[in-house]
Structures are given as structure tokens and as C-alpha cells.
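Here's the structure, in C-alpha cells; my notes come after.
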């Protein structure tokens, strides 16, 4: 009874733990606001992008925040702004290789990716075709428009902290947008049917830098030209658009449902009795015949049938010899001469005959055992 109670307690504890895990999976895991200022459109700190986000809103630009898996990117989004610190597209913060692959496929299908995540040169940057950057000895404080383009119209110079830059020949097919005295700090190039715009300083769009009219003009020219703009908040921990359950593939969801159903049924089956207990049949108590049969089979498998027959018969014949006053080595003919004709004399002769069979059968062994037992009872000292 106590064993069954323990099993029920274990089942209840297991079911409770499983329920907690399921609730955590199904819960929408929204991260809290960042503790330090980061290039997020939610951030009103010095490094935040809240000002540029509200600027685009005031100018009736179709702007939004992207807070879902990058696998769910669609062409309803014209441009995606991705800025993150630490500056590593693949390893530094928030993006896996599958995310970068999804971004590449989305751009190749016609989207525009605006990346502000220097320094460049890791595996994720290479996958997107972003050239590697080099570090300047002294950061530049201002960058100029490379040539007169719609994106640089009315822009005299953009302020920032340009600690890294692209080389002059780092991307031969790319179009420079902003340059310093020694290199390119903003460029764009085609990737499939889409475009990638890479900038080496995320602070040029920050709340602190947007007070510079040239920075505000450059940000507006660059982002307002698209039919819709989304700021990537997934890399900053804002993933309110989908839950972990929603991000799972359909096959994984069905697998989880089947496993959960099986566990629930097992728990219910352990807690509740649906039929009377099945009593197992009691095994019959073995008798001496079963023991003899088992020993015979064992001796047969071991190839010791002849030895067993000889030993059993020899023991019985020794008893007979002693009873008629002969030594243990007396021949059987002398033993037969001292026994009165009858069943006992026939039994002795038969036992002696069985001991001379080279390969006795199981029947011979059993017969020798029966005759030997009978002779032992008849010729007791």
C-alpha cells in the first residue's frame, strides 16, 4: 500500500513539473528594457534610436518595429534597420547562422538591409557580402558625402565616432556614400534583387547625434525612400511578436503534443484504477519427479549420462556385495551365485548390463536409477 502511495506522489510531482515547463514554453517571453543605452527604437538614452523612429513617424513614413523571428521576414517590409552592440553580426549579439541566412534570402528576394554593426569581417558579415573593416589610428569625427546622390542631398557632413572604415578597394562593386580622409564609412551594394547598406558607426542615427541637422537629413533621406521601414528589435531582446511555441516548426509542435498526451495518459493510468487487479496464477510446487527430470536434463546437456549411470549403479552393487558378504571388488558372477533366483537376482544382472553400455539413453539412466534404488532397499546392512 505504501509503495502505491509513493508511486502516486512521484506521478503528481512529475506532472506538476511538466506543467510548469509547458507553461514556460507557451508563455510569451518578453525581455525587459535594456539597462544601458543601446541602438534600439525603444531607447531614449544617448545611444538609442527613439528620436529617428519618431522623426519618421512625424513625416508619415510607414515605420514599425520588427520583434519576431527573422525566418518570418516578408516583403511587406521594404527596409530593415539592424543596429546592435556589441558589434558582431553573428557571434556578438542575438543572431544565429539561421537568422543571417534568413536575412540574406530576404535581401536577395528584394529587401533592403541597413546594417550598423561594426566592425565587419566575421562569418555572418561574409555571408551577407559585407567587406571587412580596418581600425583607424584616431577615430574620425566627421564624414563627408562621397558624391551627390539622393541619399546625401543637402548633407554637408555627418558627425559620428568613425573608429573603423572600409578600405578604398574593399568592395569594388559597392557605391560609397560617406567617406573620411582615409576610407569609406558608408556604402551600399546589390545582393540578388535587393540592397545592403552598411555603415561603420551606429551612433550617427542615435538620439545624441540626431541633434545635428546633417545627421537627421541623412537618416531621413536614407530611410524615407522605402515604402516601409522596420527597426529590428529582436537583437535587443524584444521578441513580443512570437513565442517559443510559435517559433517551433509544425512537426515539432505535433511531436510535443503527442509526447505530452502520452505522459498525461500515463499519469492518469497510474492515478486511477479502471479494472479490478489481475491476480497472477500461483506456480505449482515441484515434486521429486520434477527434480529428477531436471537433473537428468542437466546431466544430458553436460554429456555425463554414462558417468551418472555408472556411479549410481556402482553404489547399489557395493551395497549388494556387502550384504552377501563379498568385497567391493568381487565379480558380479559371484554376487549372483549368492543370491536366490528371483527378482533381486534379475535386477543385479540388469544393473550390471546397463553399466557396460557405452552410450546409454535417458531411459537407460532412469531404469538404472529405479533398479538401484530398489536394490538398496532390499539389501540393507
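Values in this text are rule-based calculations from the coordinates and carry no lab data. Please read these numbers as outputs of a predicted model, since none were measured by experiment. Because the Cβ atoms are built from the backbone with ideal geometry, glycine has one as well, and the counts that use them run over all protein chains shown.
Tell me, what is the FRET efficiency for residue 262 and residue 190 to the nearest 0.05, using R0 = 45 angstrom and their Cβ-Cβ distance as r?
Numbers: r = 52 Å, r/R0 = 1.15.
Given R0 = 45 Å and the Cβ-Cβ separation, E is 0.30.
Using a Förster distance of 41 angstrom, determine the FRET efficiency expected from the C-beta separation of residue 153 and residue 253, and round it to 0.05.
The pair residue 153/residue 253 has a calculated efficiency of 0.25.
If you take all C-alpha pairs in region 288-378, what percent of them are over 15 Å apart? Before the final figure, lay out each step's value.
Values: 2347 of 4095 pairs.
The answer is 57 percent, as a whole percent.
Can you tell me the order of 339-352, 63-76, 321-334, 218-231 when each peptide is scored by its average per-residue count of other Cβ atoms within 10 angstrom, highest first? It would help to have the intermediate numbers written out before the result.
Values: 339-352: 14.6, 63-76: 16.7, 321-334: 13.0, 218-231: 20.2.
Result, highest mean first: 218-231, 63-76, 339-352, 321-334.
How many angstrom lie between the C-alpha centres of region 315-336 and region 166-218?
Comparing the Cα centres of region 315-336 and region 166-218, I get a distance of 119 Å.
At 7 Å along Cα-to-Cβ for each site, give me the label-to-label distance between residue 273 and residue 301 in nm.
4.0
Give me the number: length gained by fully extending residue 338 to residue 370, i.e. 0.36 nm times residue separation minus the C-alpha to C-alpha distance, one decimal in nm.
Numbers: separation 32, 0.36 × 32 = 11.52 nm, distance 2.23 nm.
Stretched out fully, the residue 338 to residue 370 stretch lengthens by 9.3 nm.
Going highest first, how would you order 196-209, 43-56, 252-265 by mean Cβ packing within 10 Å?
196-209, 43-56, 252-265
Assuming R0 = 56 Å, can you tell me the calculated FRET efficiency for the pair residue 97 and residue 363, based on Cβ-Cβ distance, to the nearest 0.05?
Details: r = 78 Å, r/R0 = 1.39.
Efficiency, from the Cβ-Cβ distance: 0.10.
What is the spin-label model distance, in nm, from residue 59 to residue 346 if the labels are put 7 Å beyond Cα along the C-beta direction?
A separation of 12.7 nm, rounded to one decimal place.
Take peptides 354-360, 180-186 and line them up by average Cβ neighbours within 10 Å, highest first, as a rough protection proxy.
180-186, 354-360
Three principal axis extents, largest first, for the C-alpha atoms of region 35-77, in Å?
Each principal axis gives a Cα extent; for region 35-77 these are 31, 27, 9 Å.
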